[in-house]
Amino acid sequence: MSGVAAQYDSTLFGQLRELSVVLEHAQIPFALIGGFAVNAHGFVRATHDLDVMVVGEQADSLHSVVTNLGYEVLDRRPDIASYVRGPLRLDVLYARRPISRDLLARARSTTAGDIRLSVIPLEGLIGLKIQAFHDDPRRIRDLDDIIQLVKINSDKLNLDEVRSYFRLFDQESVLDDILRALG
């Protein structure tokens, strides 16, 4: 991911740096999901917001930290939260269920420039993408991310785990179509 860092909008990268520092100081571990995680797993694409996952028990602590940084709440529910500060957007997914806690526990360490970060496993990222696409089929970017991530990482992808996520959302036929198309 370090080579990708230079391609990020400097404002977004500054947001990531700031958030990383304050969450580390507050002892709130997090992992990247969304566009930054897609880039970390090999498919370089533009992203305009920051998406992270933290354990559910840290929801109030994270809320306090980001509102102290000047972020305003757009939406705050038990499983998700969205914040903005000027042009910056932060979306948070709270790991409360065993499957999301497992993804957070298996996050791998990487770097973006001089920042040390955690990124959820590739299979889990694809799982989050199929969930987002299932919840809103207009989210074509998520489907494209899945296709590109499977294509780029086919040699190291745990297809059984990926299939379990597609099955969870009754989307196995979508995975079969992707695998057939990629040959």
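From the backbone phi of the stretch 159-175, what are the Karplus-calculated ³J(HN,Hα) couplings (6.51 cos²θ - 1.76 cosθ + 1.60, θ = phi - 60°) in whole Hz, Gly and Pro given as x?
Ordered by residue, 3J(HN,Hα) equals 5, 5, 5, 4, 4, 4, 5, 5, 5, 4, 10, 6, 10, 4, 5, 5, 4 Hz.
So what is the 222 nm mean residue ellipticity for the chain from helices alone, if each DSSP H run of at least 4 adds -39500 (n - 2.57) and you divide by all residues, rounding to the nearest 500 deg cm²/dmol? Each step should come with its number before you reach the end.
Working: 8 runs with 89 residues, N = 183.
Value at 222 nm, helices only, nearest 500: -15000 deg cm²/dmol.
Would you calculate the separation in nanometres between label points at LEU179 and ARG77, each defined as 7 Å from the Cα along the Cα-to-beta-carbon direction?
3.1 nm
Could you list the trypsin sites (Lys or Arg not before Pro) in the stretch 51-114 that lie in coil according to DSSP, counting only those with at most 15 other Cβ atoms within 10 Å of their Cβ?
Values: sites: ARG76, ARG85, ARG89, ARG96, ARG101, ARG106, ARG108; in loops: ARG96, ARG106.
For trypsin sites (Lys or Arg not before Pro) across the stretch 51-114 that sit outside H, G, I, E and B with at most 15 neighbouring Cβ atoms in 10 Å, the list reads ARG96, ARG106.
Which residue fluctuates most in the GNM of the chain (Cα springs below 10 Å): VAL54, VAL38, VAL21?
The residue that fluctuates most here is VAL21.
Would you mind working out the magnitude of the charge dipole of the stretch 121-175 relative to its Cα centre, with +1 at each Lys and Arg C-beta and -1 at each Asp and Glu C-beta, to the nearest 20 Debye?
Working: 8 positive and 11 negative charges, 27 e Å.
Using only the charged Cβ atoms, the result is roughly 120 debye.
Convert each backbone phi in the stretch 144-155 into a coupling constant with the Karplus relation 6.51 cos²θ - 1.76 cosθ + 1.60 (shift: θ = phi - 60°), then list the ³J(HN,Hα) values in order as whole Hz, x for Gly and Pro.
Per residue, the Karplus-derived 3J(HN,Hα) values read 5, 4, 4, 4, 5, 5, 5, 4, 5, 10, 4, 6 Hz.
Could you work out the percent of alpha carbon pairs in the stretch 26-183 separated by over 19 Å, rounded to a whole number?
Numbers: 6783 of 12403 pairs.
Across the stretch 26-183, Cα pairs with separations above 19 Å total 55 percent.
Mind running the shape call on the stretch 121-175? Use the C-alpha gyration tensor, a ≥ b ≥ c as the square roots of the eigenvalues: rounded below 1.5 for a/c, prolate if a/b tops b/c, oblate otherwise. Before the final figure, lay out each step's value.
Details: a/c = 1.94, a/b = 1.30, b/c = 1.49.
Note, shape of the stretch 121-175 comes out oblate.
Size of the dipole of the chain about the Cα centre, Lys and Arg at +1 and Asp and Glu at -1 on the beta carbon, nothing else charged, in debye to 20? Let's see the in-between values first.
Numbers: 21 positive and 26 negative charges, 36 e Å.
The dipole of the chain has a size of about 180 debye.
Between ARG17 and SER164, with labels modelled 7 Å along Cα→Cβ, what's the label distance in nm to one decimal, could you check?
In this crude spin-label approximation the distance works out to 3.9 nm.
Each label point is 7 Å from the Cα along the Cα-to-Cβ direction; what then is the distance between the points at SER10 and ARG106, in nm?
My value for the distance between the label points is 3.9 nm.
Mind listing the long-range amide H neighbours of ASP51? Cut-off is under 5 Å, sequence gap 5 or more, other chains count too, H placed in the peptide plane at 1.01 Å from N.
ILE33, GLY35, PHE36, ASP91
Bear in mind that the values in this text are calculations on the coordinates, not laboratory data. Quantities reported herein were computed from a predicted structural model and do not represent experimental measurements. Positions of Cβ are generated from backbone atoms using ideal geometry, with glycine treated the same way; all protein chains shown enter the neighbour counts.
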